[in-house]
Amino acid sequence: MNEKFLPTCCYHTHTKRCGHAYGEDEEYVLAAVENGYQELGFTDHAMLPNIEQRGTRGSYSLLDDYVSSILSLRKKYQDQIHIYLGFEAEYDPSLAEYYRFLFQEKHFDYLILGQHYFRDGKHLCYYGNLPTKGEATRRYVMDCVHALESGLYSYFAHSDLFMCWEEEWSSRCEEAAVTLLSKAKELGIPVEINMGRSRLGGWSPEKDLSHVSYPNQKFWEIAGKMGMSAFIGPDAHSPIDLYYGPFSYMKKIADENNVPIETRLKLPR
Ligand SMILES: [Zn+2]
Ligand SMILES: [Zn+2]
C-alpha cells in the first residue's frame, strides 16, 4: 500500500527520546536507506536546560546520548546516506545562547523552527491556550518572525501551525500567512508542507485529509502566488513514517498551488 511519491531527503525526524516517538535511531536510518533517501536530518524536539516537558521533549540529561548516537550513525552509514544532527526548536530570546552552544560545542548542523510553544519563565505554553484565537495567532506570528530573524534557523516547519487553533480561515489567517511567508522569503529560509497532523488518529490511503488543520489549502495557495517553494516534511515519529503515509496528498497540495517541491537543504557538510 505504499504510495508512489517519496522525497529523496528528510530534514524533520524525531527520536524516541521526546517521549512520543518510536523505534531506535538506527531503524530510522535503515528505513531511509532502504527507501532511497540521500540525506536524513534528525531534529528531535529540543532538549532544554531547566525546562521539563515530559512526553513532549526529552529531558536535558539525554542531550549527550542523542548527539553521540546520531554522530556515530553518521559515521557508520557514511557510504550510504548523509546524516545531519539538529533539533526542532522553539525560539525565545533567552534560548539563543544555548542554541549557539549546540552549534559551537555539540556539533549541531542545523535547527528547524517548530514554534509550538512560547516561553513563560520555566514553562512553555501552547499558543492555543491563550484567551483568544486572535491573541494566539498574533503572538505566534510575532515569535516566528523574531525566530526567523535570529539567524539560528535553516528551515521553517509547519508554518501554518496556527490553523490548529484558528480552525476556520479568516482575514486574520490570511494576514498571518502573508507575514510569515514574506519573512521566510525575504530571509531565504525554506518552508515546509508538514505531514504530522495528517497522521494523527491513524492514516490510511483512503482517508479524507481536507479538514486537517495543516497543511492548509489557503495557506499554500498564498505561498504559490508568492512564488515560494517548499520541502515536504515527514515529521517522522516512527521509522515507518519515512515511507508509509500521506506523501501523495502533500505533493498534491504543492502541485495544485504551484509550489515547487524542494529536495535538498543547503547545509554545510
Ligand atoms: Zn513530536
Ligand atoms: Zn516535528
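Summary table below
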{"read-out": "Of all residues making up segment 162-172, the number that are over 16 Å from V145 (Cβ atoms), more than 17 Å from the chain's Cα centre (by Cα) and either not in a helix (DSSP H, G or I) or not aromatic (F, W, Y) (or both)", "value": "6"}
{"read-out": "Identity of the residue in segment 32-49, in a strand (DSSP E or B) and within 13 Å of ligand 1 (Cβ to nearest atom), that ends up nearest to T15 (Cα to Cα)", "value": "D44"}
{"read-out": "Where a residue in segment 14-33 is more than 13 Å from T56 (Cα to Cα) and open to solvent by 10 Å² or more (accessible area, probe 1.4 Å) and its partner, wherever it lies, is among the β-branched types (V, I, T) and away from ligand 2 (no atom under 14 Å from the Cβ), with Cβ under 7 Å and at least six apart", "value": "D25/I70; V33/I81"}
{"read-out": "Residues that are outside any helix (DSSP H, G or I) and in contact with a helix residue (DSSP H, G or I) (Cβ under 7 Å, 6 or more places away or on another chain), drawn from segment 118-150", "value": "F118, R119, L130, S150"}
{"read-out": "Residue match in segment 91-100 (condition: surrounded by fewer than 21 Cβ atoms within 10 Å (Cβ to Cβ) and free of Cβ contacts under 8 Å to residues at least 40 places away in the same chain)", "value": "yes"}
{"read-out": "Answer from S213, S182, S229 - the residue that is of a type in the set (G, A, S), more than 16 Å from ligand 1 (Cβ to nearest atom) and farther than 23 Å from C9 by Cβ", "value": "S182"}
{"read-out": "Among residues of segment 218-260, those that are farther than 25 Å from A32 by Cβ and either free of Cβ contacts under 8 Å to residues at least 24 places away in the same chain or surrounded by fewer than 16 Cβ atoms within 10 Å (Cβ to Cβ) (or both), counted", "value": "6"}
{"read-out": "Test for S182: is it at pLDDT below 95 and either crowded, with 17+ Cβ neighbours inside 10 Å or of a type in the set (G, A, S) (or both)", "value": "no"}
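The values are calculated or read from the model by the stated rules, or taken from the named source; none is laboratory data. The structure displayed is predicted, hence computed values, not measured ones. Virtual Cβ from ideal backbone geometry, glycine too; neighbours counted across all protein chains shown. Just the protein is used for accessible areas: all its heavy atoms, side chains included, with ligands, DNA and RNA removed. Shrake-Rupley method; radii C 1.70, N 1.55, O 1.52, S 1.80 Å.
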